[in-house]
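One structure is given here, and the rest of the page talks about it.
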C-alpha cells in the first residue's frame, strides 16, 4: 500500500477547497494513528513497570532467603553470628527532605552549654613593650579532640594462701584478649553508629598505632556483648 503524500501546509493559501479537505483529512488520520500508537506505548510501559515491580519483590525475597542460608551455614560451622546492631539511619538523618508534618526546630544561638566542663587550663603569654600594665586575662574556651594510644602494663599481684592456693589480682573490667574496654567501645560505636566496616576499623586502628587484627575486631563486635547490652539498657532507663 503506497503512502499518500499530503500537500505542504505552507502552501495552504494556494490550495483548492478539495485539496484543503484532503490535507485536513490526512492530518486527522495521522493524528488518530499517533493516538493509537501512544496508547499502545502507554500499555507497554505499564506492563514493563508491573514486571519491574514484580522483579523488585522477587529480588528482595531472594536477598532474605540468601541471608537466611548464610546464617544457617554460619550456625552449622559454629561461626560467630552477625552483630546485633541495626543501621543507624544516617542516610535518613542527613537527608535534605523534611519529615512530613514536622517543622525543623529553630537553631538556638548563644553561649555553649559545656563551658563548665573545662578539662585543662593554659596561660598564653603576650609579647608587650616595656612599661605595660597587666590587666588580667581574657578567657577563650576551645574544644578539641585528642586520640592517644595507651599500652599499659598491669603488674598483677600474686599471693599464695596458707592452704597453698594461688590468688592473682583480676584485670580491669572489660579487658578482652589484651585490649581494654575503651578500645572496644570505640569499635562498637563506629561500627553501629558510623557504619564503619571491620576492614576500615582495622586499618584505622593500625594507622593510629594499635596493633590489632581484623579477626580481633570481629570478636569485639560479636562476642561477650552482654555487659554492653546491660549498660545500654541502664542508660536508656535513666533517660
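Derivation of every value follows stated rules applied to the coordinates shown; laboratory data play no part. Remember, it's a predicted structure, so these values are computed and weren't measured experimentally. All Cβ positions, glycine included, derive from the backbone under ideal geometry; neighbour counts span all protein chains shown.
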Going by how many other Cβ atoms sit within 10 Å of their own, how do 218, 38 line up, fewest first? 38, 218
Students often check this: by mean Cβ neighbours within 10 Å, which of 18-27, 183-192 ranks highest, and how do the rest follow? 183-192, 18-27
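Peptides 158-165, 42-49, 201-208: what's the order by average Cβ count within 10 Å, highest mean first?
Order by mean packing, descending: 201-208, 42-49, 158-165.
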Between residue 28 and residue 133, what length comes free when the chain is fully extended (0.36 nm per residue of separation minus the Cα-Cα distance, one decimal in nm)? 28.0 nm
Going by Cα centres, the range 196-227 and the range 37-80 are how many Å apart? 33
Distance histogram for the range 9-76 (every C-alpha pair counted, 5 angstrom bins, percent rounded to whole numbers): 3, 14, 9, 10, 8, 7, 8, 6, 6, 5, 5, 5, 4, 3, 3, 2, 1, 1
